[in-house]
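Trainee: The structure follows.
The values are calculated or read from the model by the stated rules, or taken from the named source; none is laboratory data. As the structure is a computational prediction, the values presented were derived from the model and not from experiment. With ideal geometry, Cβ positions are generated from the backbone for all residues, glycine too; neighbour counts draw on all protein chains shown.
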Amino acid sequence: MTLHKIDLSNFDNNFKGRSSYTNEKFSKVLRAICLVKNPTKIVEFGILDGYSLDCFIESTGEDCQIDAYDLFEEFPYNSSEFDSINEKYKESRVSVMRGDLFFSGNELLDNSIDIIHVDIANDGDVYEYCIVNLIKKLKKDGVLILEGGSKERDNIEWMVKFNKRKIREVLYKYSNEYKIKVFNEFPSLTLISKK
């Protein structure tokens, strides 16, 4: 399978720790969304060590299927090995797959998913792609969850150094079309849903 690569040729990893969600408040947000939505279908892009996947598994019923995509070893920076993650989740409701947002996201059916979670070194271009292409994949009351969205997150070293498009400018651009909520505590978290 040919995977679309995110242009991070000069990316250097500045996050403290492996997960951008080491703050317990974010796990509480993910769990609360699951409790409120009672999802039957979750799709995640960017697995790393499975921190958010564990939150989804622990907060959903046995009827919830979770499909998780990652570039694994093909991503040259903060990544995990496919075999170890696949082994970790083989007895669960999680299907672990090699794939990226830009190819695999297009394969999803419209109006079929309760929660889509994206954490792939997000920048403004990733956000715009998600808003334009993934909102329609959500059910009427579905939610798109993306890492980032705060002013502080837009100004982390690699975003500035490599002149990455700011997330906040994209959120502003779509603020009249969608419901958008940003949890500003670093590294921040953004929820987007249909109006």
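Trainee: Confirm whether K179 is on the phi < 0 side of the Ramachandran plot and touching a residue at least 24 places away in the same chain (Cβ under 8 Å). I'd like the intermediate steps shown before the answer.
Mentor: Working: on the phi < 0 side of the Ramachandran plot: yes; touching a residue at least 24 places away in the same chain (Cβ under 8 Å): no.
No; evaluated as a whole, the condition is false for this residue.
Trainee: Still on this structure, I have one more. Pull out all pairs, ordered by first then second residue, where Cβ-Cβ is under 8 Å, the residues are six or more apart or on different chains, the first lies in the range 159-170 and is within 13 Å of N122 (Cα to Cα), and the second is small (G, A, S) and in a loop (DSSP other than H, G, I, E, B).
Mentor: Pairs that qualify, where the first residue is within 13 Å of N122 (Cα to Cα) and the partner is small (G, A, S) and in a loop (DSSP other than H, G, I, E, B), are I167/G148; I167/G149; R168/G149; R168/S150.
Trainee: Does the range 132-142 include one or more residues that are buried (at least 19 other Cβ atoms within 10 Å of the Cβ), closer than 17 Å to G46 by Cα and at pLDDT 95 or above?
Mentor: Yes: the range 132-142 contains one or more residues that are buried (at least 19 other Cβ atoms within 10 Å of the Cβ), closer than 17 Å to G46 by Cα and at pLDDT 95 or above.
Trainee: Considering only the range 172-195, how many residues are closer than 22 Å to N111 by Cα and assigned to a loop (DSSP other than H, G, I, E, B)? Before the answer, list the steps.
Mentor: To start, the set of residues in the range 172-195 that are closer than 22 Å to N111 by Cα comprises 174-181, 190-195.
Then keep just the ones that are assigned to a loop (DSSP other than H, G, I, E, B); that gives 174-177, 195.
The number of residues fulfilling the criteria is 5.
Trainee: Restricting attention to the range 117-171, which residues are among the hydrophobic types (A, V, I, L, M, F, W, C), within 19 Å of E107 (Cα to Cα) and part of a helix (DSSP H, G or I)?
Mentor: V126, C130, I131, V132, L134, I135
Trainee: Given (1) touching a residue at least 24 places away in the same chain (Cβ under 8 Å); (2) surrounded by fewer than 19 Cβ atoms within 10 Å (Cβ to Cβ), where does D83 come up short, assuming only one miss?
Mentor: Status for D83: all satisfied but (1).
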